[in-house]
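Data first, discussion second: the structure below is written as structure tokens.
The values are calculated or read from the model by the stated rules, or taken from the named source; none is laboratory data. Remember, it's a predicted structure, so these values are computed and weren't measured experimentally. Methodologically, a virtual Cβ is constructed for each residue, glycine included, from the backbone with ideal geometry; neighbour enumeration extends over all protein chains shown. For accessibility, only protein heavy atoms count, side chains too; no ligands or nucleic acids. Shrake-Rupley method; radii C 1.70, N 1.55, O 1.52, S 1.80 Å.
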Amino acid sequence: VEARNFEVFRDLLQKNGMLDQANDFFRASGALTVLEYKAVIEGLLRSGKSGGFQLLSMNDFPGQGYAPVGSFDPFWDSKALVTAKKFTEFCAPTVALLRYDKSSYFNTETFKGKAEVYNFSNSALENAKIKWWLTDTAGRVLQKGSLKKQTIPNEHVSPVGEFEIPLKNISSQKVTVHLAVNDKIKNSWDIWVYPKHQNLMQSTDKVLYTDIYDDPAKKQLAQGKTVVFYPSPASVKGRKSMFHNHFWNPIMFAWAPMTIGNLVHHEQAMFKDFLTSSHTDWQWWDILNNAKVIEMQHAPQKLRPFIQVIDSYDNNQKLGIGFEAKVNGGKLLLLALDTKTDMDKRPATQQLLYSIDKYVNSDKFSPQVPLDETFIQSFLTK
């Protein structure tokens, strides 16, 4: 009964030079799992004609086709990914729910929410008080309001009102929308608010922005200058990038994505003006769905991508969407991301590019790991 599959996963990770990141991969992939459990459970609860839902288990499945997708390990010990209190905010007999269009906004837009209450408790909620409020990352209340007091029947999913929040005065990138019924039933949702940016990625004498790794780019590097290389996903050999985590098991269910989230090196300077945690969150939706995953097995072992894609545990290869390196005497930052399509509708991508712009034009940009340009050529289509 020894868990020898874990020994295989460990040895693969060690062979590929990333054993020291094992706990970081665990935390980041687990956080995305919780994020998606919340989204899918709320989606099912909002579906009033649904007869309920089934989770194969709340703990990891240790049998044939091992699946580490539970909130508990195989022994029903918590993985400390989510608290019971937080989980019951979105999975309980009575749940406050919210319909809204998206998670990332420009600060010229207005957030519109449609509140609902899933009530399959033993009784109706008489004269229920329904409140909403908006907080910043420090917990300060920025705006608040109330919906009409009403009785919420049981055995129904009931619309209880709508509200709007103008975002023009929001200075914090990440804010949280809260909804409460009788101050006891509470739920919350994070959204991201960004300013619009014009004239991003403008080349200067010191910094060249290019989507082609050609002679001008090589010359710029040979002169000890900076190149920001953003190849289109179509021009990169590699894996499809997706926001989603793997559904169950990459051996028994071999369909995309064969990855389990991202480890974002959020403390590095390129993210100074792009608020993010170490794991995938909803502001990454547009970015990841317009990117390409580069297979980096043959890059130097010390080269860790700042957007690091976590491979499935039966493979454990080094994968990345963005990295920086010293190339031919110059400084290179690479981001395998579509930076052209519908940019006026992609606030999070704009903000990420703005943050990278400021970074590469500062004295903070100083890649340390040397990289041979043959590696760059190896993942580009002809």
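Does segment 303-382 come out rounded, prolate or oblate by the C-alpha gyration tensor, with a ≥ b ≥ c the root eigenvalues, rounded set by a/c under 1.5 and, if not, prolate when a/b is larger than b/c and oblate if not? Mind showing how you got there, number by number?
Working: a/c = 1.62, a/b = 1.13, b/c = 1.43.
Since a/c reaches 1.5 but b/c is at least a/b, the shape of segment 303-382 is classed as oblate.
Sorted by mean Cβ packing within 10 Å, highest first, what order do the peptides 224-232, 348-356, 245-253 take?
Packing proxy ranking, top to bottom: 348-356, 224-232, 245-253.
How large, in percent, is the carbon and sulfur part of the accessible surface of segment 1-149 at a probe radius of 1.4 Å? Could you put the intermediate results ahead of the total?
On the way: 4550 of 8610 Å².
Roughly 53 percent of what the probe reaches on segment 1-149 is carbon or sulfur.
Quick check: from the Cα gyration tensor, does segment 174-279 come out rounded (a/c under 1.5), prolate or oblate?
oblate
Given axes a ≥ b ≥ c from the Cα gyration tensor, I'd like to know whether segment 236-382 is rounded (a/c under 1.5), prolate (a/b larger than b/c) or oblate. All intermediate terms of the calculation are to be shown ahead of the outcome.
Details: a/c = 1.67, a/b = 1.19, b/c = 1.40.
Judged from the Cα gyration tensor, segment 236-382 comes out oblate (a/c at least 1.5, b/c at or above a/b).
Which one, Asn169, Asn154, Leu179, is farthest towards the positive end of the dipole of segment 140-181 when Lys and Arg carry +1 and Asp and Glu -1 on their Cβ?
Checking the options against the dipole of segment 140-181, the answer is Asn169.
Rounded to a whole number of µm²/s, how large is the Stokes-Einstein D of segment 17-121 at 37 °C and 0.692 mPa s, given Rh as the Kirkwood radius over C-alpha pairs?
Reported coefficient: 204 µm²/s.
Accessible area per residue, 1.4 Å probe, Å², for segment 14-146: what's the number? Each step should come with its number before you reach the end.
Details: 7190 Å² over 133 residues.
Accessible area per residue: 54 Å².
Which percentage, to the nearest 5, of the DSSP beta bridges contained in segment 169-269 is antiparallel? Write down the numbers at each step before the final one.
Numbers: 8 of 12 bridges.
Percent antiparallel among DSSP bridges in segment 169-269 is about 65.
Please report the antiparallel percentage of DSSP beta bridges with both residues in segment 8-151, rounded to the nearest 5.
Here the antiparallel bridges make up roughly 95 percent for segment 8-151.
Give me the distance between the Cα centres of segment 29-105 and segment 292-320, rounded to whole Å.
28 Å
So what is the accessible area of segment 235-338 per residue, in Å², with the probe set to 1.4 Å?
Here the residues of segment 235-338 average 38 Å² of exposed surface.
How big is the charge dipole of the chain about its Cα centre, in debye rounded to the nearest 20, if each Lys and Arg gets +1 on its Cβ and each Asp and Glu gets -1 on its Cβ?
Numbers: 45 positive and 40 negative charges, 155 e Å.
Around 740 debye, computed over the chain.
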